[in-house]
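Worksheet for the structure shown next.
The values are calculated or read from the model by the stated rules, or taken from the named source; none is laboratory data. Bear in mind that the values here come from a model prediction, so they are computed numbers and not experimental data. All Cβ positions, even for glycine, are placed from backbone atoms using ideal geometry, and neighbour counts span all protein chains on display. SASA here: full protein model, heavy atoms, side chains in, ligands and nucleic acids out. Shrake-Rupley method; radii C 1.70, N 1.55, O 1.52, S 1.80 Å.
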Amino acid sequence: MVAADPSGADWPGRYRHLLASAGLNAESVIGQALQPHDLDRPALLSLAQCLERPELLQQQLTKDYPDASNARALRAYLSVTQQDLALSVIAPLTLRLFRDGKSPLPDPQQIFLGRAREGATAARWFHAPSQPAVGLADFIGKLDELVTAWYPVFRQGFGVSPGAYWSSIGLGLGAPFSVVWNLADAEAVCNLAQAWLEEFACGANRFVDWVPAEFSGRQCAIPQRKGCCLKYLLPEGGYCGTCGIYRKARLAETSRRSRSPAPDQRLPAQ
């Protein structure tokens, strides 16, 4: 096994070292993950509006999804919508940080909920950054403050559980490692991903465990969330590749699987 470079807090450098040990180029890998994002859909609401008036998001989801008329279903849609916020906004910003050494921060005024494509289980967020990019230390500290400030609204206003909220944030922050989940040394990926999450004071590092798992005779790095996003309650929802509810059973069966489910990698570009 080739260990990640223990050279301190140079996270882009440590990441490049990890990928280079597997014969991978960080710019190429991240560039492929940052696919062009569809920005031509009309914006329904901004995140800032939703944080100020939570009922607006509830009303929009109830309007768009007739089956969200009962409290249990609405809570599931709200939880999955928060997960998409992490994967569609925080994840690509984190990828840019690891590629460029700097990245814009998420701006609630410039984060918009767009109508879901036909057949999708929930609406999608997109971000149109207008602020300059910040360096590593500012990104970690200020993003920590932002997601911590958002948490009370998602918890109390939308009923998203602590485990669901923080594990989704953790998956977004772990995006650079998810894109190489089956391409680099699994143990090294897991160790570096877990160390990266520990840079954040928020709850993200407590609700995601990166574990090596065997798929088709090959070791892979899998992020396992400790909170359920409730996607399985939605029509055609199914279970996420990172779902921790049946983690023990899943890992016990990995050696018998012929095909492996990848972690959720919906990482549109910003």
Worksheet item: When only DSSP loop residues count, what trypsin sites (Lys or Arg not before Pro) in the range 86-176 have their Cβ near at most 10 other Cβ atoms within 10 Å?
Response: ARG117
Worksheet item: If you keep only loop residues by DSSP, which GluC sites (Glu not before Pro) in the range 141-203 have at most 13 other Cβ atoms within 10 Å of their Cβ?
Response: GLU198
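Nearest 20 debye, what's the magnitude of the dipole of the range 29-88 about its Cα centre given +1 on Lys and Arg Cβ and -1 on Asp and Glu Cβ? Display every interim value, and only then the final one.
On the way: 5 positive and 7 negative charges, 37 e Å.
It comes to approximately 180 debye.
How do ASP67, ASP10, ASP209, ASP144 rank by accessible surface area computed with a 1.4 Å probe, from largest to smallest? If you can, show how the numbers build up before the last one.
Working: ASP67 60, ASP10 85, ASP209 40, ASP144 20 Å².
The residues order as ASP10, ASP67, ASP209, ASP144, largest area first.
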Worksheet item: When the chain is fully extended, how far beyond the present Cα-Cα distance does GLN109 get from LEU24, taking 0.36 nm per residue of separation?
Response: 27.0 nm
Worksheet item: Length gain on complete extension for the stretch ALA9 to GLN32, per 0.36 nm per residue less the alpha carbon to alpha carbon distance?
Response: 5.8 nm
Discussion item. Taking R0 as 35 Å, what FRET efficiency do you get between ALA48 and SER69 from their Cβ-Cβ distance, rounded to the nearest 0.05?
Written reply: 0.85
Worksheet entry | Candidate residues HIS17, HIS127: accessible-area rank, largest first, probe 1.4 Å | HIS17, HIS127
Worksheet, complete the sentence: With label points set 7 Å from each Cα along the Cα-to-Cβ direction at ARG206 and SER130, the distance between them in nm comes to 3.6
